Amino acid sequence: MESESSPLTGLLLTSIFSAVLGSLQIGYHTGNINAPERVIIKVFNSSWQSHYNTSISETRLAFLWSLSVSGKDFGAVLGAVGVKWLADSFGRRNSILIANALSIAASLLMSIAQFCMWFEALILGRLIFGMFCGLAMSLNPLYIQEISPTALRGAFSTLNQISFTTGILLGMVMSLNVVMGSESLWGLMLQLSLVPAAMQYFTLAFCPESPRYLLINLGEEVEAETALRRLRGNSGDIRAEMMEMKQESSFSPKCITVREFVQKQSYREPIMILTVICLGANFSGFNAMINYSTDVFLRVGFEEAEYLTLGVGSVNVLFSIVSFFLVETAGRRKLLLVGFLALGVCNLLMSISSALLNIFPQMAHLHALLVFGLIAAYESGPGPISWFIGAELFNQSARPVAMSFSSILNWGSKCLLAFIFPPLMGIAGPYTYLVFMVFALIAFFFTLARVPETRGRVFNDIAAEFQQTDSLLLTPKKLKSSHH
């Protein structure tokens, strides 16, 4: 079953733009921490000296810096746990606005590290900002999926990833020493995310709540139709979309506990699909390249590695835009297959080029191209799709739990990879990339065998594929309004 496309309205585009401002903040604080490392570490040294009247050891300094960088990802795992409660208690839009307060508090706290010489503020600020990441990267696609026309649902969800990658590139540029990564400006540089945070409050607060949340979760049919009319305008097929939502409501309990989510027979297949896609995307090597690309380029002999890292950020943005244009034409399944296969091939060739580097120094240039290729393969499909596919595979009641679960998978694997990549490179060297290749190929073959296409299909139609073994869904509850 496919839904008719609805016209684009200014309010719909404003709502989506406002939602993805959160992803811009997340990307910014992902890309802005590595370049000013030496400058910030000086503050750690001075701060420790003033607090404890002694010099900090190299081991402790390395640990504190690692804690500062990875604290965001760990905090994101903690934040992801609260997605279901927040989304079901306060609604999709309001939850995004509530989470945004964490970003503002964290940005102010991080900048205190410079102005008050308090290194603990940076670590705590990164942890709090991570909690915002875990919430926002689930709530944003959840809201976008529920307000978007079916025919544009994937493309609009991909805007979340475009905003994220744009933020990464912006963070990389602003944190350069010649821009704002200097000793005098890095604290102010950390505060720049306050601009999109403020913009989100001034715009999203005037946008409508998700009509699906209003109808299915709260049972407020009049309010849901009003919100839908605001989003679609008078020319949209409001009646057909309301009927589709009522049909989904008839098969959806108002609330699903985490235990029911895990135990429900019809959810097991989509849970498996979500797990493989998320782990395959995150353990494909992409996050290692984003976090350690400068070090990787230095290892193969490039002296101006930070500028190649800017190239990584640029390719990241470019191919997330490519995904935006392809996701509704090629479809999710095809982009996943091509992306995972390309990731596997890139990792295999990166392993070979690294192993032969001592014999053929020219391999360094091939290695750099393969890093760009790996980034492109990830962003063309597996990356953006892994963040929103959970909202498409589950019905309304399970959707917040699914998005929380996918966020835990995504952020948890990012955090783990940030910790294990340096020691893994020390132990396995060039063969580390073969580990990433295995994860990418497992995801490729699983997608080939088990993942259905969700492009252009309404939520109820997708869920029907997984309902065959669940007898509870064969007897829908009675509707308050007829929709036959």
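The values are calculated or read from the model by the stated rules, or taken from the named source; none is laboratory data. What you see is a predicted model; the values in this text were computed from it and never measured. Quick reminder, even Gly has a Cβ in these numbers, built from the backbone with ideal geometry, and neighbours come from all protein chains shown. Protein only, heavy atoms only, side chains kept; ligands, DNA and RNA dropped before computing areas. Shrake-Rupley method; radii C 1.70, N 1.55, O 1.52, S 1.80 Å.
Which pairs do you get when a residue that is outside any helix (DSSP H, G or I), found in the range 86-107, comes within reach of a residue that is aromatic (Phe, Trp, Tyr), reach meaning Cβ atoms under 6 angstrom, with the pair 6+ apart or on two chains?
Matching pairs, first to second residue: Gly91/Tyr213.
Listed residues Leu356, Leu348, Leu318; which is touching a helix residue (DSSP H, G or I) at 6+ places or on another chain (Cβ under 8 Å), more than 26 Å from Gly167 (Cβ to Cβ), in contact (Cβ under 8 Å) with a residue 24 or more places away in the chain and open to solvent by 40 Å² or more (accessible area, probe 1.4 Å)? Lay out the reasoning, then the answer.
Details: Leu356 fails: in contact (Cβ under 8 Å) with a residue 24 or more places away in the chain; Leu318 fails: more than 26 Å from Gly167 (Cβ to Cβ).
Sole residue among the options that is touching a helix residue (DSSP H, G or I) at 6+ places or on another chain (Cβ under 8 Å), more than 26 Å from Gly167 (Cβ to Cβ), in contact (Cβ under 8 Å) with a residue 24 or more places away in the chain and open to solvent by 40 Å² or more (accessible area, probe 1.4 Å): Leu348.
List the residue pairs whose Cβ atoms are under 8 Å apart, where the first residue sits in the range 367-385 and is touching a residue at least 60 places away in the same chain (Cβ under 8 Å), the second is of a type in the set (Lys, Arg), and the two are 6 or more positions apart or on different chains.
Final answer for the pair search is Ile385/Arg332.
With respect to the numbered conditions (1) part of a helix (DSSP H, G or I); (2) surrounded by 19 or more Cβ atoms within 10 Å (Cβ to Cβ); (3) modelled with pLDDT under 85; (4) in contact with a Ser or Thr (Cβ under 7 Å, 6 or more places away or on another chain), which one is the sole condition not fulfilled by Phe466?
Exception for Phe466: condition (1).
In this structure, does Trp118 turn out to be free of Cβ contacts under 8 Å to residues at least 40 places away in the same chain, surrounded by fewer than 20 Cβ atoms within 10 Å (Cβ to Cβ) and not assigned by the TED database to the domain that holds Glu328?
no
Of everything in the range 239-265 that's open to solvent by less than 10 Å² (accessible area, probe 1.4 Å) and touching a Ser or Thr at 6+ places or on another chain (Cβ under 6 Å), which residue is farthest from Leu228 (Cα to Cα)?
Going through the qualifying residues, I end up with Ile256.
Can you say whether Ser23 is within 24 Å of the chain's Cα centre (by Cα), within 30 Å of Thr150 (Cβ to Cβ) and of a type in the set (Ser, Thr, Tyr), as far as the supplied structure shows?
When the stated conditions are applied, Ser23 passes them.
Please go through the range 376-410 and pick out each residue that is assigned to a helix (DSSP H, G or I), under 21 Å from Asn347 (Cβ atoms) and within 15 Å of the chain's Cα centre (by Cα).
Of the range 376-410, the ones assigned to a helix (DSSP H, G or I) are 376-379, 382-393, 399-410.
From the residues that got through so far, the ones that are under 21 Å from Asn347 (Cβ atoms) too are 376-379, 382-386, 409-410.
Within the range 376-410, Tyr378, Glu379, Pro382, Gly383, Pro384, Ile385, Ser386, Leu409, Asn410 meet the criteria.
What number of residues in the range 448-461 are more than 13 Å from Gly331 (Cα to Cα) and either of a type in the set (Val, Ile, Thr) or touching a Ser or Thr at 6+ places or on another chain (Cβ under 6 Å) (or both)?
Residues meeting the conditions: 1.
Residue pairs, Cβ under 6 Å, 6 or more apart or interchain, first in the range 261-281 and over 20 Å from Leu343 (Cβ atoms), second of a type in the set (D, E, K, R). List them.
Gln265/Asp470; Ser266/Asp470
Conditions tested, residue by residue: (1) out of contact with any Lys or Arg (no Cβ under 9 Å at 6 or more places or on another chain); (2) open to solvent by 60 Å² or more (accessible area, probe 1.4 Å).
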{"position": "Ser413", "(1), (2)": "yes, no"}
{"position": "Pro422", "(1), (2)": "yes, no"}
{"position": "Phe439", "(1), (2)": "yes, yes"}
{"position": "Ala443", "(1), (2)": "yes, no"}
{"position": "Pro452", "(1), (2)": "no, no"}
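Are any of the residues in the range 54-72 closer than 18 Å to Asn160 by Cβ, out of contact with any Lys or Arg (no Cβ under 8 Å at 6 or more places or on another chain), part of a helix (DSSP H, G or I) and not assigned by the TED database to the domain that holds Ile408?
no
Please state which one of Ala342, Ala364 is modelled with pLDDT of 95 or more and either surrounded by fewer than 20 Cβ atoms within 10 Å (Cβ to Cβ) or assigned to a helix (DSSP H, G or I) (or both).
Ala342
Go through the range 425-450 and report how many residues are basic (Lys, Arg) and over 26 Å from the mean Cα position of the chain (by Cα).
The total comes to 0.
Taking the conditions exactly as written (in contact with a His (Cβ under 9 Å, 6 or more places away or on another chain) and assigned to a helix (DSSP H, G or I)), does Met272 satisfy them or not?
The answer is no for Met272.
Contact list please: Cβ distance under 7 Å, first residue in the range 329-341 and under 12 Å from Ala443 (Cβ atoms), second residue aromatic (Phe, Trp, Tyr) and open to solvent by less than 70 Å² (accessible area, probe 1.4 Å), pairs at least six apart or on different chains.
These pairs meet every condition: Leu337/Phe444; Gly339/Tyr378; Phe340/Phe444; Leu341/Phe444.
Name every residue in the range 79-109 that is open to solvent by 10 Å² or more (accessible area, probe 1.4 Å), at pLDDT 95 or above and hydrophobic (A, V, I, L, M, F, W, C), in order of residue number.
Scanning the range 79-109 gives Leu86, Phe90, Leu97, Ile98, Ala101, Leu102, Ile104, Ala105.
Residue check, Val81 against (1) touching a residue at least 24 places away in the same chain (Cβ under 8 Å); (2) touching a Phe, Trp or Tyr at 6+ places or on another chain (Cβ under 9 Å), all met but one. Which one?
(2)
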